[in-house]
Amino acid sequence: MSSGVSMARETVRFDIDWVRQQFPALQQEVNGQPAVFFDAPGGTQVPQRVIDAIASYLTTSNSNTGGAFAASARTDRLIADAHAAMADFLNCDPDEVIFGPNMTTLTLALSRAIGRELKSGDELLVTVLDHDANVSPWVSLEERGVKVRTADIKPSDCTLDMFDLQAKVRRNTKVVAVGWAANAVGTINPAGEVVRLAHAVGAMAFLDAVHYAPHGPVDVRALDCDFLVCSTYKFFGPHLGVLYGKREQLQRLRPYKLRASSEQLPDRWETGTQNHECLAGVVAAIVYLADLGRRHHPSAASRREAILAAYEVIRRHEQELAAQLIGGLLEIHGLTFYGIKDLAKLDQRTPTVAIRMEGHSPRELATKLGGRGIFTWDGNYYAINLTERLGVEQSGGMLRIGLTHYNTAEEVSRLLEELKRIGARG
Ligand SMILES: Cc1ncc(COP(=O)(O)O)c(C=O)c1O
């Protein structure tokens, strides 16, 4: 994965101390031990500046839009700033950015609008790796007579079976909706290839980038996708969702909307009053990423370039942690590892791993680790197609250890020690 920013890799040291100072939540303790946040795929912590921006909006600018007074004018400016910030993040125009409560709600709204133009016999495609928020919205269109097909995986390493996917993208396929990265096992799918396959049969390409966005740079222009969704609470911002749509698609499709709301972009897709305070938080989260990039690459000329520089260093740091984590886990007796474990293929995965351990349910493991201040997740995390395919849905799913760039090698060592201790006790 290349971000397009060239840096002398070996000379830029990742400033983990500065990073951790930005996130006040990381100072917490549990039972006298520093808390370890390995729950990033469920949502990340936020920098102090995000908290400050939300508080500041509510203190100085809290109002509705379009009014003839100062607080309302500030709110209008903030909304424009938030669109511009996300446009830099995604590499698109500000009015191609649609904000909403979360990815699920935006995807349901988009799928309803797309459903209006589908007819019986049309097909849509999702995958076994997907979060259910990229499955159920499309499956519920089957009531209109369309068929949703599911591309399979190779269970040995939880990567997409691209032959199966290719075979299922057919003449009557109208939407190919694929997760860019799998929130359960971390596989990064070949998003560009998926878009090309979709377009080759005239289908729309929809990418769920919720799990990918905290770990790698997004460039919707380079991908040429029709739609892409992500959630800012997964990349150091507040709880909001974002939908990118290609201008011609956003203008062509007919969203369910109020008569009173304008037909302009982005208004025709942004139903009701937006969460203004969280939009302030989104701007601050993007500024944080740009600052992180500039610390490591001071010559970054634009905010977009600074964001790309941030992802360069994030990727490198996360791959080091992933190598340590996966290498350590594979040495633990009685442990089953799901997903890519080949350390030569770390660029094909995020630092999110899923395991099971003989004699312990995932819930028991998560509870034991939680008591020692290590926050992991257990169950299916809504990746139900996958837990069913792997045969673990009925027995508690998997334990998910999800790292992000504010985690450290010491934290990974602590987790490995605790798991060894739990394994040794049986
Ligand atoms: C890959 C993926 N897609 C979609 C979602 C749903 O996102 P949201 O909570 O914003 O609706 C999640 C949430 O965990 C996810 O990880």
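Annotations
- Atom-type composition of the exposed protein surface of the chain places 49 percent of the accessible area on carbon and sulfur (1.4 angstrom probe).
- Average accessible surface for region 343-401: 42 Å² per residue, computed with a 1.4 Å probe over protein heavy atoms with every protein chain in place.
- Per residue, the average separation of C-alpha pairs within less than 8 Å and at least 6 apart gives region 264-401 a relative contact order of 15 percent.
- What region 201-244 shows is 18 Å² of accessible area per residue, with the surface traced by a 1.4 Å probe over protein heavy atoms.
- Stokes-Einstein translational diffusion, the chain - Kirkwood Rh over all Cα pairs, 1.306 mPa s, 10 °C, in µm²/s: 71
- Virtual spin-label span in nm between VAL139 and ALA323, 7 Å along Cα→Cβ: 4.0
- Largest accessible area first, the listed residues ILE332, ILE384 line up as ILE384, ILE332 when surface is computed with a 1.4 Å probe on the assembled protein chains.
- Counting every pair of alpha carbons in region 180-310, the share spaced more than 25 Å apart comes to 36 percent.
- Measuring only protein heavy atoms, the 1.4 Å probe finds ARG116 accessible over about 80 Å².
- Positive-end residue, the chain charge dipole about Cα centroid, Cβ charges, pick of GLY334, PHE236, ALA82: ALA82
- Couplings for region 259-265, taken from phi via the Karplus curve 6.51 cos²θ - 1.76 cosθ + 1.60 with θ = phi - 60°, read 4, 6, 7, 6, 8, 6, 7 Hz in order; Gly and Pro are left as x.
- Largest accessible area first, the residues GLU418, GLU331, GLU393 order themselves as GLU331, GLU393, GLU418 under a 1.4 Å probe with ligands, DNA and RNA left out.
- GluC sites (Glu not before Pro) lying in DSSP loop within region 172-281, provided at most 16 other Cβ fall within 10 Å: GLU263
- Helices that extend 15 Å or more along their long axis by alpha-carbon positions and average at least 0.0 on the Kyte-Doolittle scale are, among the DSSP H runs of the chain, 48-60, 70-90, 103-115, 276-296, 303-330.
- With contacts taken as Cα pairs under 8 Å at a separation of at least 6 residues, the chain carries a relative contact order of 22 percent.
- Solvent accessible area, Å² - ASP342, 1.4 Å probe, full protein context: 70
- Region 89-232: proportion of alpha-carbon pairs further apart than 18 angstrom, %: 53
- Area accessible to solvent at TRP18, 1.4 Å probe radius, in Å²: 40
The values are calculated or read from the model by the stated rules, or taken from the named source; none is laboratory data. These numbers were taken from a predicted model, which means no experiment stands behind them. Here Cβ is always computed from backbone atoms with ideal geometry, including for glycine, and neighbour counts include all displayed protein chains. Accessible surface is based on the protein model in full, side chains and every heavy atom, while ligands, DNA and RNA are left aside. Shrake-Rupley method; radii C 1.70, N 1.55, O 1.52, S 1.80 Å.
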